[in-house]
1. Evaluate the following for K17: is it more than 13 Å from N3 (Cα to Cα) and at pLDDT 95 or above?
2. Among the residues of the stretch 7-27, which ones are of a type outside the set (K, R) and surrounded by fewer than 13 Cβ atoms within 10 Å (Cβ to Cβ)?
3. Looking at S78, S88, which one is surrounded by 10 or more Cβ atoms within 10 Å (Cβ to Cβ), in contact with a strand residue (DSSP E or B) (Cβ under 8 Å, 6 or more places away or on another chain), free of Cβ contacts under 8 Å to residues at least 24 places away in the same chain and among the small types (G, A, S)?
4. Looking only at the stretch 7-28, count every residue that is part of a helix (DSSP H, G or I) and of a type in the set (A, V, I, L, M) and tell me the total.
5. Answer with yes or no whether T54 is surrounded by 11 or more Cβ atoms within 10 Å (Cβ to Cβ) and either touching a strand residue (DSSP E or B) at 6+ places or on another chain (Cβ under 8 Å) or β-branched (V, I, T) (or both).
6. Within the stretch 29-88, restricting attention to residues that are part of a loop (DSSP other than H, G, I, E, B) and of a type in the set (S, T, Y), which residue is nearest to the chain's Cα centre (by Cα)?
7. Pull out all pairs, ordered by first then second residue, where Cβ-Cβ is under 7 Å, the residues are six or more apart or on different chains, the first lies in the stretch 60-73 and is surrounded by fewer than 10 Cβ atoms within 10 Å (Cβ to Cβ), and the second is of a type in the set (G, A, S).
Amino acid sequence: MPNIELKDVENTAKLAKLEFSGAEKEKFAEQFSKIVKFVEKIGELNTDDIPPTTHAVEKRDVVRDDTVKQSMPVDLFSKTVPKAMDGSIVVPRVIEH
């Protein structure tokens, strides 16, 4: 099992645009090494008799059913917004090309 070295922490910090002190880097290297060891230990478990799951708990839909209801007429709705055009709301651009 490879230990996580300071250069690994420094490279990860650089990619994430994070800055750490020398002591923090050493602490992270130690913590990451422990995490890798733990994951390797989990990988040693025999899971042949355990069925695969996608969720830890049974999924339940807790939202209400969608129902079609009468909505506000477009012409009346257009009068309630600052700017509308052709039945749509006009908003300021937030994404540049």
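The values are calculated or read from the model by the stated rules, or taken from the named source; none is laboratory data. Because the structure is predicted, anything quoted here is derived from the model rather than measured. No Cβ is skipped: glycine too gets one built from the backbone with ideal geometry, and neighbour counts run over all protein chains shown.
1. The answer is yes for K17.
2. Result: N11, L15, A16, L18, E19, S21, G22, A23.
3. Exactly one of S78, S88 is surrounded by 10 or more Cβ atoms within 10 Å (Cβ to Cβ), in contact with a strand residue (DSSP E or B) (Cβ under 8 Å, 6 or more places away or on another chain), free of Cβ contacts under 8 Å to residues at least 24 places away in the same chain and among the small types (G, A, S), namely S78.
4. 4
5. Taking the combined requirement at face value, the residue does not satisfy it.
6. T54
7. If the second residue must be of a type in the set (G, A, S), no pairs are left.
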